[in-house]
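The values are calculated or read from the model by the stated rules, or taken from the named source; none is laboratory data. Since the structure is predicted, the reported quantities are computational estimates derived from the model, not experimental observations. Cβ sites come from the backbone with ideal geometry, for glycine too, and all protein chains shown count toward neighbours. The protein model used for the area step is the full one, side chains on, heavy atoms only, and it has no ligands, DNA or RNA in it. Shrake-Rupley method; radii C 1.70, N 1.55, O 1.52, S 1.80 Å.
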Amino acid sequence: VREAAVVGVGNADRGDDGAGIAVARAVAAARSDVDVLEQANGDPAALLDALAPYRRVVIVDATVSDVEPGTVRLVPLAEAAGVLARTASSHGLGLATALALGRELRALPDELTLIGIEADGFDHGSGLSPAVAAAVPRAAAAVAAALDG
Amino acid sequence: VSTTGKRPRARTIKVEALARVEGEGAMRVRVRGDVVERVELAIYEPPRFFEAFLRGRDFREAPDITSRICGICPIAYQTSAANALESACGVTLPPQAADLRRLLYCGEWIESHALHVLLLHAPDFLGYESGIEIAKDHPDLVRRGLNLKRAGNRIVTAVGGREIHPVNLRVGGFYSLPSREALGTLRDDLVAARDAACELTEVAAGFTFPDLERDVEMVCLRQPDRYAIEGGRIVSSRGLDFAVEEWPAHVIEEHVSWSNALQARLAGRGRYLVGPSARVAVNFEQLPSLPRELADRVGLTPASLKNPFRSILARCVELVFATDEALRLIDGWTGDGEAFAPAEPRAATGHGVSEAPRGVLYHRYTIDGDGLIEAADIVPPTSQNQATIEDDLRKLVAANVALPDDELQRLSEHAIRNYDPCISCATHFLKLEVDRA
């Protein structure tokens, strides 16, 4: 069992759906003591395989709810379906469903933290919105806190 | 839901998002008395974004750009795009590259069908809200299903270079051929996956299939010597048989008022069906012995696929086929030979098709002498099936109009999922609305 990993989830070609990927890359640039992984969607088989070797995992994904774009927050697993559903709905089952499946199959790491960044838009081919781009360092700090806390 | 008087006169069922389809759109059903007046599938498409985006790009970029349309079937997009551009450039794939295309495509069929059968469609038959509840009650079945999907993921990773948006495919073939050893490591997983696919087929054969029968023209690709996946002529259950270059003469894309995606029809023939049911029904005799015998054992015949709810069995049999075919290709793989044939641009138009998990996917490109794309046209399987989905829903609602709204809604959603509609290829949001008076 390896110690810790950070997983960025999303599609960098779909606007703010790339938020998780951007944060994962920021973390990878800042520290070498954790494995940093990228998942393009919440494919359950791929995600559970990726998480399997680790004791502690922090997952970062875009959220869609009623808070300000760029808001960074810890998302309790039980609430994941409510706020993550839309981001993943364009591709595959979605992260929330993959995590719920993992819980039922007892295939999740001992410590799992989910960090969300509220998205502004998901246009094909566009980059991060200004609000989300500005939130990336804050989200990376939240990841560090979750890893070291 | 609102009612007036003894008999419901105006009822509207509205679902904010139709779960368990890839992407979202909107379905509206209008009922007056016992007559289903209208069924409309509306798709909110970023209109033809990719076709516009492709104009002016180098032809070699098209497979990668279009594969990003869909996270579920990137191989289909890459293959149809490459087929079209290879045709435009007059390139023939080296035999090893052609085999590898087929193997890669088997991986995508396995990934896509396993996901749909187990986690998206089975819940409808078992009375569950989602695959999560199946995992709660039948964890071993879900584990085996995920292992099956993983075997597909591993093929795509090994051949495509990575799992999502694979990068190894290029116009003319592949950037590199995997070694015999690299593909050999997939073997054990695939043998287990083939067993799991057989088992899943037997489980699905035990489901209760709602009554619905329709006689629609079924369209798929055909190759002379094998069950078509990565290319072929376009054939139908009613005798159509044409080369891909004739596609524009046979397939008409129509704009319908309720959707900003296009609906495809056959010229002079009307709506049609593409996908696993069409492939199994039309190419039944070409299934190799293992999937063919399994189909016989579970009572899957071409005629039985007139019931769209039985599409899950067609997908299961194709899972058995794809795992078996992948093993055959791996066992015959040497790793030697040319990875690609050089593709030099010339001013031309090229057409390409392949069998995406959901059905025929057509691409057409016009390029100039420098290889810049002047025009692109993409017809995804879901836009071809839309008119048939609407017709199914019309029949289903008419036959079950006495059901309470919530049951009718569930049945309608189930019917839409028979097509595994990949709305993300064409759209953003799907919701279902039944309006009665």
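Can you give me the % of accessible surface on segment B:62-137 that is carbon or sulfur? Probe 1.4 Å, all protein chains present, nothing else counted. Answer for segment B:62-137: carbon and sulfur cover 46 percent of the accessible area. Peptides B:379-392, B:118-131, B:190-203 ranked from most to least packed by the mean count of surrounding Cβ atoms within 10 Å: B:379-392, B:190-203, B:118-131.
Projecting the Cα atoms of B:L403, B:L186, B:G299 onto the charge dipole of chain B, computed from C-beta unit charges around the Cα centre, puts B:L403 farthest toward the positive end.
To the nearest hundred square angstrom, how large is the accessible surface buried between B and A, total for both chains, probe 1.4 angstrom? Could you put the intermediate results ahead of the total?
On the way: alone 16680 and 7000 Å², together 21400 Å².
Its buried surface, counting both partners, is about 2300 Å².
Counting only aspartates and glutamates at least 8 places from B:K149 when in the same chain, those with an alpha carbon closer than 15 Å to its own are A:D43, A:D49, B:E108, B:E111, B:D140, B:E163, B:D188, B:D189, B:D195, B:E199, B:E318, B:D324.
Please compute the per residue accessible area over the protein assembly as shown with all protein chains in place, 1.4 Å probe, rounded to a whole number of Å². Result: 37 Å² of accessible area for each residue. Taken about its Cα centre, segment B:116-182 carries a charge dipole of about 440 debye when Lys and Arg each add +1 at the Cβ and Asp and Glu each add -1 at the Cβ. As a ratio to 2.2 N^0.38 Å, the alpha-carbon radius of gyration for segment B:213-336 is 1.18.
Looking only at other chains, what is the average number of their beta-carbon atoms within 10 angstrom of each beta-carbon in B:132-142? Before the final figure, lay out each step's value.
Values: counts 13, 2, 2, 8, 5, 1, 0, 5, 1, 0, 4.
The per-residue average across the peptide is 4.
Pair-distance distribution of chain B: all C-alpha pairs, bin width 10 Å, starting at 0; shares per bin in whole percent are 5, 22, 32, 26, 11, 3, 1, 0. Protection proxy ranking for B:333-341, B:314-322, A:61-69, using the average of other Cβ atoms within 10 Å per residue and placing the highest first: B:314-322, A:61-69, B:333-341.
Taking Cβ atoms as reference points and 11 Å as the exclusive limit, the residues near B:T79 contribute a net charge of -2, counting Lys and Arg as +1 and Asp and Glu as -1. The C-alpha atoms of chain B define a longest principal axis, and helix B:95-114 lies at about 20 degrees to it. Only aspartates and glutamates eight or more places from B:K136 in sequence, or on another chain, were considered; those with a Cα closer than 18 Å are A:E104, B:D124. Computed over the Cα atoms, what is the radius of gyration of the protein assembly as shown divided by 2.2 N^0.38 Å, N being its residue count? Taking the Cα Rg and dividing by 2.2 N^0.38 Å, one obtains 0.94.
Find the relative contact order for chain B and round it to a whole percent, using C-alpha pairs within less than 8 Å whose residues are 6+ positions apart.
Rounded, it is 32 percent for chain B.
When +1 charges are put on Lys and Arg Cβ atoms and -1 charges on Asp and Glu Cβ atoms, the dipole computed for segment B:193-279 relative to its Cα centre reaches about 180 debye. The alpha carbon convex hull volume per residue for segment B:257-312 rounds to 121 Å³.
Can you say what percent of the DSSP beta bridges in the protein assembly as shown, counting only those with both residues inside, are antiparallel? Round to 5. Write down the numbers at each step before the final one.
On the way: 45 of 74 bridges.
Here the antiparallel bridges make up roughly 60 percent for the protein assembly as shown.
Viscosity 1.002 mPa s, temperature 20 °C: give me the Stokes-Einstein translational D for chain A in µm²/s, with Rh taken as the Kirkwood radius over C-alpha pairs. Write down the numbers at each step before the final one.
Values: Rh = 14.7 Å.
Reported coefficient: 146 µm²/s.
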